[in-house]
Every structure is written in C-alpha cells, then in structure tokens.
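S.K.: I'd like to ask you about the structure that follows.
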Amino acid sequence: MRMPLFHRMKRRGVLFSALLLSSLLLAACGGNSPSILNPSGPVAGKEAGLFWFILVVATIVFVAVEGVLIYSIVRFRERPNAPAPRQIHGNNTVELIWTIAPSIFLFAVLIGTIYTMFNLRQISGTGRPVDVKVVGHQWWWEFDYVNEGIVTADELHIPVGTVINASLQSTNVIHSFWVPELFGKTDVVPGHNNTSVFSADKTGTYRGLCTEYCGLQHAHMNFNVVVQSQDDYNAWVTAQQQAAAAKPTDPNALAGQNLFVGSGGCQGCHGIVGVNLRSYNDPRGNPLIGPNLTHFGSRRFIAGGVLAWDPASCVVVAGSDGKPKIQNPSACGLYQWLKDPQGVKSGNDMTIRSLSDTEIAQLIAYLETLT
Ligand code: CUA
C-alpha cells in the first residue's frame, strides 16, 4: 500500500535531517581539526571554561525539565475509566516556579559570560608584549611586527608565554581572526580596528582560520601560528630582519631573480627586502598587493593553505635540453601555483602571464634561496 504523500514527505524530511546532522557531526571529527576544547593558552582556556559552565547549567535544566516531562507522561497517562485530571490553569505556585527558576539559570549564565568577557584581556605573560598588525586580505593574512620591523604572510611566529597584542585591520571586506586553541573569533572590519589579545602556553604549531564569509576563497584563508621558545623566536626575528642577498650565486636562482624584477612581472605586487624594497617599511612596499617574499623560503604555509610548500618536493634539475626543470611537478605545490594560480585558487589577486616550465623552475630556484 502506498503511504499518503504527507507521510512520505515527513519520512524523507526526518531522513534528510538525520543525514545532515550526522554529516555535520562527522565533519568535526577530522584528525587535525583544531578544537576550542583543547585550549593551549589562557584566553582559550577561559573561553573553554565558560563553555563548560554553560554546558553544566544547560544540562541541569535539561535533566530537570525532561525528568518532570517523562514523570508526568508516565504518572498521568490515560488509563481506562480514569477520571478527568484536575485542572490547574492559572496556578500561581506553578507560574512562579517556572518564571523564577529559568530567571535564576539565565542570570547565572549572564554573570558567567560578562565575567569571562571582562576577564579575557586580563592575561599576564613573560617579557615585553609583542605588537602585531594583522591585515586580512582576499584571501591570506599579513602579519606586520610593529617593533621588530618585519612582515610575514600566513605564518605568525610568537614566543611562548608572551602576551600578543594583535591589531586587526582590513582594506577590503570583513574577515574574522580565529585560532581555536588560542583565542576566540574577532571580526576584522574595514575602517574599524579591532584588537585581539592572547598568549600561548605550549610551543607547537596551531591552525588559524578566517571565520567570516569573505568571498569565493573564504575556506582557503587559513594560517599557522608557530609558538616557539623565547630563544628560537629571537633567532627567527633576527633571521627575518636580514635583507635578501642582492645577487644569488646559483645561476638558476639568478635567472629567477631577473624574472622577479623583470619580465615575470612579480615585483608589481610582491616585495623582497634587498631586491626591490630597501626595508620592510619601504614606502614602495606599503602596502603590497601580494605577500612580502623576503623570507618566503623559510615558510611552509602559503596561499592560505591551499597548497603545501616544501622545497624537498620541488627539486630543480637540468632537463635533457640543459634547461632547468622541476623534477616532479605533480608533487610540487609551488609549481602548480606558478603554472596556474587561478586554477588552484580562482578569484585570487595573482593574475600573471603564463610562465614556461623553465621560468617556473628558475623562479622556484630563486624562492628557495629566500630562507
Ligand atoms: Cu577572510 Cu573569510
């Protein structure tokens, strides 16, 4: 027998909801997904504490309400020949209980939330705080170290235990800055500078992401926060402050540098201190359209995380014609990026003429020297 249309639609609706819910739940189970329940800093710790507090309050409410509901369903179920139940409409005691009890619980949640909000910035750290200007681009992150005078992209290095004062800026659309294990979301709004204050308890690499829809490649606007010991961080800063070599010694790298400043057209958007910029603060490079590449070879996270960048996978060898080529182009993310940036990440600002395999190999040979 065919089911009535309404019942069939209802059953499909239930099935669809169940599928959607299970796929959403499973989607959160990716092995490397950062979790707010795994805090690695005081700000994320306080936020996770608030989450657990609200969960406890909500659980008490849930158990109490469901308990009364189930008790009533069983205790007052219809029995044969049972008399009509006593009518209690307008019972003052009941009305007072279910007005006052939720108020108390909601007030507890309100107090916990306000306390946490005002407490989030009360964090102390070792050493002098690090001031970083964070700029959201479509679709990558620029990190300007105000006092150190260096600029990176998609990789934020910070010393462990030190307070980071991040000033969040955008010159295009609204983004949102979030590292689940270190701090909660803060919108990055054009013309309105928000701030985010945080620190990290443990060394390691933490995944950050943009969490406000900002265009076609919003999902590919990730970044890494590399938390280092104070000594490692100091060494990193010193290395980043160095200008790139004026002339690389390797002939392929030299050809790549010539492409960078010449027919490759790269320097219209990118900057390299010591090559087309005098310093990170060179007015010609403020602002740059694309990432500052001065120490590109030291980064492992590029293009908002859409590709892996590892020099070991991009070995430059001499081809049979004597010209340089990439040994295994399919394993080299940077090769794919330079070959077809719009194919890899459509809509991004990198619109370039098509480069030959030889030119790509020369550019990669050069970028690899920029450690
Ligand atoms: Cu930037 Cu989403």
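S.K.: Which value in deg cm²/dmol, rounded to the nearest 500, describes the helix-derived mean residue ellipticity at 222 nm for the chain, given -39,500 (n - 2.57) per DSSP H run of n ≥ 4 and division by the residue count?
M.R.: One gets -12000 deg cm²/dmol as the mean residue ellipticity at 222 nm.
S.K.: For Trp52, Trp236, give the ranking by accessible area with the largest first, probe 1.4 Å.
M.R.: If we order Trp52, Trp236 from most to least accessible, we get Trp52, Trp236.
S.K.: If you don't mind, another one. What number, in percent, do you get for the relative contact order of the chain if the mean sequence gap of Cα pairs under 8 Å and at least 6 apart is divided by its residue count?
M.R.: 14
S.K.: Accessible area, 1.4 Å probe, largest first: how do Ile289, Ile150, Ile352 sort?
M.R.: From most accessible down to least: Ile289, Ile352, Ile150.
S.K.: Still on this model: Taking the Cα centroid of the range 228-257 and of the range 306-327, what is the distance between the two, rounded to the nearest whole Å?
M.R.: Centre-to-centre (Cα) distance: 20 Å.
S.K.: To continue, here is another question. All other residues with a Cβ under 14 Å from the Cβ of Gly268 taken together, and with Lys, Arg as +1 and Asp, Glu as -1, what is their net charge?
M.R.: +1
S.K.: Same structure, new question: So if R0 is 35 Å, what FRET efficiency would Ser330 and Val146 give, r being the distance between their Cβ atoms, rounded to the nearest 0.05?
M.R.: With a Förster radius of 35 Å, E is 0.30.
S.K.: Another question about this same structure. Whole number please: convex hull volume per residue of the Cα set in the range 71-200, in Å³?
M.R.: So the per-residue hull volume is 220 Å³.
S.K.: Mind telling me which of Thr116, Thr99, Thr358 comes out most flexible in a GNM of the chain, alpha-carbon contacts under 10 Å?
M.R.: Highest fluctuation among the options: Thr99.
S.K.: In square angstrom, what is the accessible area per residue of the chain with a 1.4 angstrom probe?
M.R.: Each residue of the chain exposes 56 Å² on average to a 1.4 Å probe.
S.K.: Give, in nm to one decimal, the length gained when the segment between Arg86 and Ala18 is fully stretched (0.36 nm per residue of separation minus the Cα-Cα distance).
M.R.: So the chain would gain 20.6 nm between Arg86 and Ala18.
S.K.: Ignoring everything but the protein chains, give the 1.4 Å probe accessible area of Val160 in square angstrom, nearest 10.
M.R.: 40
S.K.: Checking the table Lys133/Lys345; Lys133/Lys185; Lys185/Lys345 against a 21 Å threshold on Cα-Cα, which pairs fail?
M.R.: Where the Cα-Cα span goes over 21 Å, the pairs concerned are Lys133/Lys345; Lys185/Lys345.
S.K.: Same structure again: Run the reach check for Lys247 against lysines, Cα to Cα strictly under 29 Å, same-chain hits fewer than 8 apart removed. What comes back?
M.R.: Lys323, Lys325, Lys339
S.K.: Let me ask you something else. Starting from the Cα gyration tensor of the range 204-340, take the square roots of the eigenvalues, sort them a ≥ b ≥ c, and report rounded, prolate or oblate (rounded when a/c is under 1.5, otherwise prolate if a/b is larger than b/c, else oblate).
M.R.: Rounded, since a/c falls under 1.5.
S.K.: Right, another one. Hey, with R₀ at 51 Å, roughly what FRET efficiency would Leu96 and Val317 work out to, going by the Cβ-Cβ distance, to 0.05?
M.R.: My answer for the efficiency is 0.05.
S.K.: A follow-up question, please. How much length, in nm to one decimal, is gained on full extension between Ile60 and Met117, taken as 0.36 nm per residue of separation minus their Cα-Cα distance?
M.R.: In short, 18.2 nm is gained.
S.K.: How would the range 260-325 be classified by its alpha-carbon gyration tensor: rounded, prolate or oblate, with rounded meaning a/c under 1.5 and the a/b versus b/c comparison settling the rest?
M.R.: oblate
S.K.: Still on this structure: On the principal axes of its Cα set, how long, how wide and how thick is the chain? Give whole Å, largest value first.
M.R.: 99, 64, 34
S.K.: What share of the DSSP beta bridges in the chain is antiparallel, in percent to the nearest 5?
M.R.: In the chain, DSSP labels about 70 percent of beta bridges as antiparallel.
The values are calculated or read from the model by the stated rules, or taken from the named source; none is laboratory data. The structure presented is a predicted model; accordingly, all values stated were derived computationally and were not measured. With ideal geometry, Cβ positions are generated from the backbone for all residues, glycine too; neighbour counts draw on all protein chains shown. The accessibility values were calculated without ligands, DNA or RNA, using every heavy atom of the protein model including side chains. Shrake-Rupley method; radii C 1.70, N 1.55, O 1.52, S 1.80 Å.
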